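The values are calculated or read from the model by the stated rules, or taken from the named source; none is laboratory data. Note that this is a predicted model, so its numbers are computed, not measured. No Cβ is skipped: glycine too gets one built from the backbone with ideal geometry, and neighbour counts run over all protein chains shown. In case anyone asks, the SASA skips ligands and DNA or RNA and just uses the protein heavy atoms, side chains included. Shrake-Rupley method; radii C 1.70, N 1.55, O 1.52, S 1.80 Å.
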Amino acid sequence: MALFPGVIAHDDPNAEIYPRSLGPSAQHLLGTTAFGQDMFAQVVWGTRPVLLIALLAGLGATLIAMLVGVSSAFLGGAWDGVLGLVTDVLLVIPLFPLLIIIGSYLHGAGTTVLIAVIILTSWSYTARQVRAQALSLRNRDFLNAARVRGERSLYIIVAEIIPTMTSLLVAAFLTNALYAVLFSASLQFIGLGNPGVTSWGTMLYWAENAEAFQTGQALWIIVPGLCIVALGSAFALLNYAFDEIGNPALRPVRSMRGKRVKRAG
């Protein structure tokens, strides 16, 4: 849907050319909005900015957290103190109220600005996790061997430490992507995004302004809300799956369950 929205929905999502507040029909699968826009087209075309925010914000936050966490654990000393202080400051500040304050100053900001704001404010928790994992690896034999060979700190961080944390980083990316979806949709719903961008969050914003429930247009709110829930659930389930794959402690549990099923059979 995000890659080829025009193949799925042929109508212009912003065109106000249809009769207003129509119910579902063969021509308009979800009906039309109070402004005469095709609701199905808005849902389909609104997928792209939501996934764009999720993927880019999740990737950006994970990369910053990875660099800060690993550098803090490996370099230690003053670097650890400064980077840990910055991380702790962001951790104690409630994230969503902070996003609301920033969004109020950037009222009507586009998708790029929204992605940048989420990246810069949501990396701290992941950085703390990465730092804890990197601290457990700092005195391993393969790292001591790299130091004896005279490898640079940057090489050790990039080539030796980070590849051993792949499962943690993948899980962190999926978690950050999940929160990016929820935060961006929430900001757009309360009017702090760009209402001219077609996305699930702005659909909720316009539906609330048009009193969709009171005027019998419940699908205008229910459908984008369910899409947000489904996408968030997908990221959460993928997170659990990668955690089970990458966490050795969960493997015996899975094998024991399989043995019990075989015995019961």
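Taking every residue in region 17-36 that is without any contact (Cβ under 8 Å) to a residue 60 or more places away in the chain and pairing it with any residue that is open to solvent by 40 Å² or more (accessible area, probe 1.4 Å) and of a type in the set (A, V, I, L, M, F, W, C), at least 6 positions away or on another chain, the pairs with Cβ-Cβ distances below 8 Å are Arg20/Phe35; His28/Leu22; His28/Phe40; Leu29/Phe40; Thr32/Leu22; Gly36/Ile17.
Inside region 200-217, residues that are farther than 14 Å from Ser186 by Cβ and either part of a helix (DSSP H, G or I) or open to solvent by 30 Å² or more (accessible area, probe 1.4 Å) (or both) make up a count of 8.
The residue of region 51-107 that is most open to solvent (accessible area, probe 1.4 Å), among those that are of a type in the set (S, T, N, Q) and in contact with a Phe, Trp or Tyr (Cβ under 8 Å, 6 or more places away or on another chain), is Ser71.
The residues in region 1-23 that are under 15 Å from Val43 (Cα atoms), open to solvent by 40 Å² or more (accessible area, probe 1.4 Å), of a type outside the set (Asp, Glu) and assigned to a loop (DSSP other than H, G, I, E, B) can be counted, and the count is 5.
Within region 146-155, if we keep just the residues that are farther than 24 Å from Gly60 by Cβ and in contact with a helix residue (DSSP H, G or I) (Cβ under 9 Å, 6 or more places away or on another chain), the residue that is least open to solvent (accessible area, probe 1.4 Å) turns out to be Ala146. Of the helices (runs of 4 or more DSSP H) lying entirely inside region 28-109, the ones with 2 or more residues being modelled with pLDDT of 90 or more are found at 39-45, 47-75.
With within 18 Å of Trp220 (Cβ to Cβ), out of contact with any strand residue (DSSP E or B) (no Cβ under 8 Å at 6 or more places or on another chain) and hydroxyl-bearing (Ser, Thr, Tyr) as the only criterion, which of Ser21, Ser71, Ser25 stands out? It would help to see each step written out before you state the result.
On the way: Ser21 fails: out of contact with any strand residue (DSSP E or B) (no Cβ under 8 Å at 6 or more places or on another chain); Ser71 fails: within 18 Å of Trp220 (Cβ to Cβ).
The match here is Ser25.
In region 129-151, the residues that are in contact (Cβ under 8 Å) with a residue 60 or more places away in the chain and part of a loop (DSSP other than H, G, I, E, B) form Cβ pairs under 9 Å with partners that are aromatic (Phe, Trp, Tyr) and surrounded by 11 or more Cβ atoms within 10 Å (Cβ to Cβ), at six or more places apart or across chains, as follows: Arg138/Phe74. The requirement of being in contact with a Leu (Cβ under 7 Å, 6 or more places away or on another chain), more than 22 Å from Leu95 (Cβ to Cβ) and at pLDDT 85 or above is fulfilled somewhere in region 211-220, by at least one residue.
Scanning region 108-137 for residues that are farther than 26 Å from Ile161 by Cβ and either basic (Lys, Arg) or open to solvent by 70 Å² or more (accessible area, probe 1.4 Å) (or both) turns up just one, Thr112.
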